[in-house]
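The values are calculated or read from the model by the stated rules, or taken from the named source; none is laboratory data. Worth saying up front: this structure is predicted, and the values here are computed from it rather than measured. Note that we place each Cβ from the backbone using ideal geometry, even for glycine, and neighbour counts take in every protein chain shown.
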Ligand SMILES: NC(=O)c1ccc[n+]([C@@H]2O[C@H](COP(=O)([O-])OP(=O)(O)OC[C@H]3O[C@@H](n4cnc5c(N)ncnc54)[C@H](OP(=O)(O)O)[C@@H]3O)[C@@H](O)[C@H]2O)c1
């Protein structure tokens, strides 16, 4: 791997943190920038981050990720998810380096009834998904050497995520209700970071290949529902002596949220395997590893 660092945006976010941790253990120089020093709401801070180091590649893991809040905060969501990434793309072009930009399964409406491939029609259901889709188009239009990595259902031992929320609720409640009619591919931040670093290493070793450009799906292998994930989570947590609440399935209709979510946003990651030789681990063993990490502190 090059001695020039990978510049990662996203501060202490789940993916940025995992890239930093994995980079450190793999001997890959990773420089993470985040708020307040790097802020898409203050465009001058974006170019400032570029001036500090001669990076080999940029990974954009910063995003406005509050799916429900985005419904009422459209301007901020578009600043962080479209305008800021476009500026990153322009800076990458000027520096002659590639951009790996992370996007979401929420660009789909979830009605396909089978795992989505990259060429399937997009139809976001809310502002967050729409702003992320606009960001994909902006970076692809701006920077020819862009890899858009669409992922889904990210969680990690730290950060704000479904797994940690469930564990917290499970400590105080005997019974939880969890949506059982939304399907997706749970993805640990660590597994996604591993995939992204493998892609970066490949670019570094072989140089840019036009086959690397465009959209790729990268999510944990296999799939489940939010209810399935919660049930599996408490099974794993029970090995550490955690309380196991009853987890009752409910329908999306019984859990109204400001932003509509896709009912089935499973991602087909075959293109990632074919072009990059990268496959993320099965979601269930990854869940076990994450729960172990949470309880082993
Ligand atoms: N989480 C998921 O389930 C999920 C699913 C599919 C795709 N994704 C995508 O995966 C990527 C990584 O997600 P994640 O889970 O690591 O997200 P995360 O934990 O919410 O981290 C996002 C990071 O972006 C930063 N950020 C937010 N607004 C910003 C702005 N205006 N300027 C600069 N930085 C800003 C946040 O900073 P602060 O810490 O200061 O708030 C945070 O550090 C994102 O592109 C996201 O859209 C996530």
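What to note about this one:
- Residue satisfying condition, being touching a residue at least 40 places away in the same chain (Cβ under 8 Å), farther than 19 Å from residue 222 by Cα and within 11 Å of the ligand (Cβ to nearest atom), within set 158, 170, 184: 158
- Filter pass, residue 41 being closer than 16 Å to residue 65 by Cβ and within 11 Å of the ligand (Cβ to nearest atom): yes
- Matching residues in the range 6-38 - criterion: being in contact with a strand residue (DSSP E or B) (Cβ under 6 Å, 6 or more places away or on another chain) and more than 12 Å from the ligand (Cβ to nearest atom): 6, 7, 23, 30, 31
- Sole exception among (1) in contact with a strand residue (DSSP E or B) (Cβ under 9 Å, 6 or more places away or on another chain); (2) under 28 Å from residue 256 (Cα atoms); (3) crowded, with 16+ Cβ neighbours inside 10 Å for residue 159, by number: (1)
- Pick from the range 74-117, criterion crowded, with 18+ Cβ neighbours inside 10 Å, within 18 Å of residue 213 (Cα to Cα) and touching a residue at least 60 places away in the same chain (Cβ under 8 Å), ranking: nearest to the ligand (Cβ to nearest atom): 102
- Selection status of residue 230, crowded, with 20+ Cβ neighbours inside 10 Å and under 21 Å from residue 164 (Cα atoms): yes
- On inspection, residue 47 passes the criterion of being over 13 Å from residue 200 (Cβ atoms), in contact (Cβ under 8 Å) with a residue 40 or more places away in the chain and either within 15 Å of the ligand (Cβ to nearest atom) or in contact with a helix residue (DSSP H, G or I) (Cβ under 8 Å, 6 or more places away or on another chain) (or both).
- All of 253, 205 fail the test of being farther than 29 Å from residue 61 by Cα and assigned to a helix (DSSP H, G or I), apart from 253.
- The set of residues in the range 122-160 being modelled with pLDDT under 95 and either assigned to a strand (DSSP E or B) or on the phi < 0 side of the Ramachandran plot (or both) consists of 158, 160.
- The listed residues are 140, 197, and the only one of them that is more than 14 Å from the ligand (Cβ to nearest atom), in contact (Cβ under 8 Å) with a residue 24 or more places away in the chain, within 20 Å of residue 122 (Cβ to Cβ) and crowded, with 16+ Cβ neighbours inside 10 Å turns out to be 140.
- Condition check for residue 178: closer than 22 Å to residue 13 by Cα and in a strand (DSSP E or B): no
- Taking the conditions (1) free of Cβ contacts under 8 Å to residues at least 40 places away in the same chain; (2) surrounded by fewer than 19 Cβ atoms within 10 Å (Cβ to Cβ); (3) under 22 Å from residue 211 (Cα atoms); (4) within 18 Å of the chain's Cα centre (by Cα) in turn, residue 165 satisfies each one other than (3).
- Count - residues of the range 54-68 that are more than 11 Å from the ligand (Cβ to nearest atom) and modelled with pLDDT of 95 or more: 3
- Count - residues of the range 126-137 that are touching a strand residue (DSSP E or B) at 6+ places or on another chain (Cβ under 6 Å) and near the ligand (Cβ under 8 Å from one of its atoms): 1
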